[in-house]
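Engineer: Take a look at this one; I'll ask things after.
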Amino acid sequence: MLNRIQAGKKLIANLQQLSSRNVSATMQINEKIMVKAETKNEWNRALSEAEKIVGYQTSFLSLRYLLSDEVTNLALHMRKLVGSTHPLVSTGKSLIYGQNNMQTWGLIVLLVSKMAGHADGILESEQDKSAGVLMSQRTLAEVVEMVRTANMIHSSGVLNLQHLQKSGNDLSFDSDLIFGNKIALLGGDILLGNASTQMAQLKNQEVVELMCTAARDISDSHFIGDRDVQNNPLPWDPVKRAEEIRNTTDIESEVQVDEIDNKQPFNLRLMLGGPESEWTVRHTLANGTLLGKSCQSALMLAKQPVELQRQAYFFGKHLALAWQASMDLEPYKTELPLGHKLSLISAPILYHLQYDASIYDEIKKGMESVDDVNYYKIHKEVSRGPGIERTKELQSKHTLAAMTELYKFPKSDAREALEKIILAMQED
Amino acid sequence: MSVSSSRAASARLVQEKLCNLLFNNQQKCVTVKRNFGSTYLPQTNSFMKIYQGTSKFGSFINGIKQSQASSTSIPQHSRDYSSVHTQQPAGPIREYKIDPYMLLEDELKYIFEDIRQELHQGTNQKELIQIAEYYFDGQGKALRPMVTLLMGKAINYHMYRENNPRTVDAQRKIAMIAEMIHSASLIHDDVIDQSFSRRGKPSVNVLWNHKKVTQAGDYVLAIASIMLSRLKHDEVTLMLSAVLNDLVQGEFMQLGAKETENERFSHYFTKTYRKTASLIANACKGSATIAGADAPIVETAFLYGKNLGLAFQFVDDLLDFVSSSETMGKPAAADLKLGLATAPVLFACEKYPELNPMIMRRFKEPGDVEKAFELVHKSQGLEQTRFLARKHCLEAIKLANKLAESPYQKGLTDIMDLVLNRMK
């Protein structure tokens, strides 16, 4: 046991070393990382209050997990990447030190669990009475974080080396790039494997099925639309969209598939409806289904009726979308700092494209690599247009929808905590 | 096409007769016409060589004839027989070989198609489907599905003397899941190893963006897990979920190298179990469990799969030194180039200690790969590896003999020949 504690301390020291020797000057904003600015005191306060309500913080990045052999192994290998420019280094940093909301999703799931309570017939041994949640729900919260983090590592931490391979370069096997990719892939797979085993231990096949459809949706989201060489997304070309609309007869009858059965894959023709539809489809698949389905699974574990589960799903989905909208608004509060990139599929840009399609000429430059786009110019253009106002409306819409679902649950301290979190997010 | 299908039909008929014979335990012998015409033709596309006219088993039999395998205690007869109706005194029935692919034709014929169907249903995006189904074209050996089903059916006979279609369907699903997990790991491995070709065509990382390939691998895993949950069996889900962890840990073990020889061998053994044997063992175990078998039988199934998997991988490591790239469909001496010290190298180390530093630095220096290759061939490493593989084959046969006699149970013992003597 003592050895493991020493190993854990060494590990944390390694990680600190990793962060202090980072080469890149600014941390790039990645729409999937969702970094929050330091000024959100309201936000932090709401979060820490909420944590107290459900007991100790259940982040899988707790010491228990960090002491496991696999993660120690992983971190030791990551040390070799220190000083390189492989994106895994910055990804790893933001995971552990960044003020990111990865750990918050587990918290949301726990709060929803507590808020909904459980039906009769759950064994005493399953309940964590002090926290007001079931042990299985705690496991579920960990699983959600693991799946999300795994996907983040797979999408941000892996570098596309296809163009290098094609040109016949003999990439020697210990080069940083390949090694970094290896660690990113394996790291993500470890998390997925752990998530898989933990879910299996819940011994509830419906929950497993639902959560796996969420994982499937996330993978699905990485293929939508035009992408650059590093698979960063670009918005739909307005010209091509118009053409597609002309060729399509029946758009209005396309219903959001998850109104009926949220285990089915999304029909991407829904994106034809306009900037809001495109944004909704993209971000529901990327984030919304995971949070929604995990809230639904939490209630499933508590043997709550289907109607309540449905409410939980929509609550989670609208919360994730409201969150995404507030993230999209962040860069427009100030001048764009030097070297910062914008997410090209963020709501302000999509709305602006509808208003003035000429901005696509600038975006088009990102077809090869999104680094080639002049973000300063885009920032200026969008700030002048209706994009920001409409995004604020979008955020309000989803916040309202989330609150509506929330108020269908009985009043409790957990519900209040969720309210505060939502309001803190809305406020700015 | 019609000629080969009629030949295949007669081969099938013959197999059925043989099955009935064995099952009814009759001592009467019938000589059978053996031919190697095939119904098991893979779907073609421009990337693949078209292997026509040889069943998988046929090519294995040819491999047996061609290989310089030293004599084993497993009989290797490939007789030519004359016609169906001639009666001749012949040896014990045990000498007749079962072609498991023929035996399981009904279940295996559409297995890749069904997997592709499942992948199609999970998304509406063409590119994702394209990448995900790239390795499900029917060109693989389909070893895992075949073993899973064979074990499943053998256990059905052992326990109930019949094959309940619902149970077989569930076992077939498990076979599909096993193949999908395997392929998902191949997809990720190709990105990790930066390989150039696999199964005779460009590997998936050459053709597509690596990030998309990663996501496609995750997608295949997600679909496999969804299928697993739909079996609605807690134990089976637990078994097969553990496999992914084993696969990744095995891959991680490959990244490190151990100091002493003893440690190295146990490290290699554990790594081989995790990377290869775990999936087959757990698939067999799942197949047994879903049939309702009791604990000793389930354990037998697990150990059988484990021994088969280990033997399979040892032969694989052996072939890396022996076979050419054309036969294998992937480059030869790949393990050395990746810095991996497999069984032949570890054995050769005993005779040539100069391999030790090479192993520690993972054959990175120029000339290391060639020198190691040469030394392995000069030493007894290859024979020792084959002996090790044979040991596990015999163990597997012993385990299979615990089950009641049936064509499927015989198939379980007969495929050891395939495993041991294959050329690719």
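Engineer: Of the residues A:293, A:317, A:263, which is free of Cβ contacts under 8 Å to residues at least 60 places away in the same chain, within 14 Å of chain B (Cβ to nearest Cβ) and under 27 Å from residue A:115 (Cα atoms)?
Structural biologist: The unique qualifying residue is A:263.
Engineer: May I pose another question? Could you please give the count of residues in segment A:268-287 that are away from chain B (no Cβ under 14 Å) and over 10 Å from residue A:221 (Cβ atoms)?
Structural biologist: Selection size over segment A:268-287: 8.
Engineer: When you check residue B:111 against the structure, is it touching a Lys or Arg at 6+ places or on another chain (Cβ under 9 Å), within 14 Å of chain A (Cβ to nearest Cβ) and either modelled with pLDDT under 95 or within 22 Å of residue B:286 (Cα to Cα) (or both), yes or no?
Structural biologist: In short, no.
Engineer: Residue under question is residue B:303, and the condition is that it be in a helix (DSSP H, G or I) and farther than 19 Å from residue B:158 by Cβ; does it hold?
Structural biologist: Taking the combined requirement at face value, the residue does not satisfy it.
Engineer: I need a count of the residues in segment A:185-217 that are aliphatic (A, V, I, L, M), more than 8 Å from every other protein chain (Cβ to nearest Cβ) and under 17 Å from the mean Cα position of the chain (by Cα).
Structural biologist: Residues of segment A:185-217 aliphatic (A, V, I, L, M): A:185-186, A:190-192, A:195, A:199-200, A:202, A:207-208, A:210-211, A:214-215.
Okay, now just the ones that are also more than 8 Å from every other protein chain (Cβ to nearest Cβ), so A:191, A:195, A:202, A:207, A:210-211, A:214.
Then drop every residue that is not under 17 Å from the mean Cα position of the chain (by Cα), which leaves A:191, A:195, A:211, A:214.
Residues flagged as aliphatic (A, V, I, L, M), more than 8 Å from every other protein chain (Cβ to nearest Cβ) and under 17 Å from the mean Cα position of the chain (by Cα) within segment A:185-217 amount to 4.
Engineer: Is it true that residue B:116 is away from every other protein chain (no Cβ under 14 Å), surrounded by fewer than 22 Cβ atoms within 10 Å (Cβ to Cβ) and in contact with an Asp or Glu (Cβ under 6 Å, 6 or more places away or on another chain)? Don't jump to the end; show me each part of the working.
Structural biologist: On the way: away from every other protein chain (no Cβ under 14 Å): yes; surrounded by fewer than 22 Cβ atoms within 10 Å (Cβ to Cβ): yes; in contact with an Asp or Glu (Cβ under 6 Å, 6 or more places away or on another chain): yes.
Yes.
Engineer: Does residue A:213 satisfy being crowded, with 20+ Cβ neighbours inside 10 Å, at pLDDT 90 or above and among the polar types (S, T, N, Q)?
Structural biologist: Yes, satisfied.
Engineer: Is it the case, given these coordinates, that residue A:272 is at pLDDT below 90 and either within 20 Å of residue A:343 (Cβ to Cβ) or surrounded by fewer than 21 Cβ atoms within 10 Å (Cβ to Cβ) (or both)?
Structural biologist: Taking the combined requirement at face value, the residue satisfies it.
Engineer: Is one or more of the residues making up segment A:337-353 surrounded by fewer than 17 Cβ atoms within 10 Å (Cβ to Cβ) and within 18 Å of residue A:278 (Cα to Cα)?
Structural biologist: No, because not a single residue in segment A:337-353 is surrounded by fewer than 17 Cβ atoms within 10 Å (Cβ to Cβ) and within 18 Å of residue A:278 (Cα to Cα).
Engineer: Select from segment B:209-237 the residues that are within 7 Å of chain A (Cβ to nearest Cβ) and surrounded by fewer than 19 Cβ atoms within 10 Å (Cβ to Cβ) and list them in ascending order.
Structural biologist: Selection gives B:230, B:232, B:234.
Engineer: Something else: Can you find even one residue in segment A:132-148 that is touching a residue at least 60 places away in the same chain (Cβ under 8 Å) and either within 7 Å of chain B (Cβ to nearest Cβ) or in contact with a Lys or Arg (Cβ under 8 Å, 6 or more places away or on another chain) (or both)?
Structural biologist: Yes: one or more hits.
Engineer: Here's something else I'd like to know. Just one of (1) farther than 25 Å from residue A:361 by Cβ; (2) out of contact with any His (no Cβ under 7 Å at 6 or more places or on another chain); (3) not in a helix (DSSP H, G or I) trips up residue A:224, so point out which.
Structural biologist: Looking at each condition in turn, residue A:224 falls short on (1).
Engineer: Check whether at least one residue in segment B:173-182 is surrounded by 24 or more Cβ atoms within 10 Å (Cβ to Cβ), over 30 Å from residue B:346 (Cβ atoms) and within 13 Å of chain A (Cβ to nearest Cβ), and report yes or no.
Structural biologist: yes
Engineer: Please find, within segment A:92-135, the residue that is modelled with the highest pLDDT out of those that are surrounded by fewer than 24 Cβ atoms within 10 Å (Cβ to Cβ) and of a type in the set (Ser, Thr, Tyr).
Structural biologist: Among residues in segment A:92-135 that are surrounded by fewer than 24 Cβ atoms within 10 Å (Cβ to Cβ) and of a type in the set (Ser, Thr, Tyr), the one modelled with the highest pLDDT is A:104.
The values are calculated or read from the model by the stated rules, or taken from the named source; none is laboratory data. Note that this is a predicted model, so its numbers are computed, not measured. Glycine also receives a Cβ, built like all others from the backbone with ideal geometry; neighbour counts cover every protein chain displayed.
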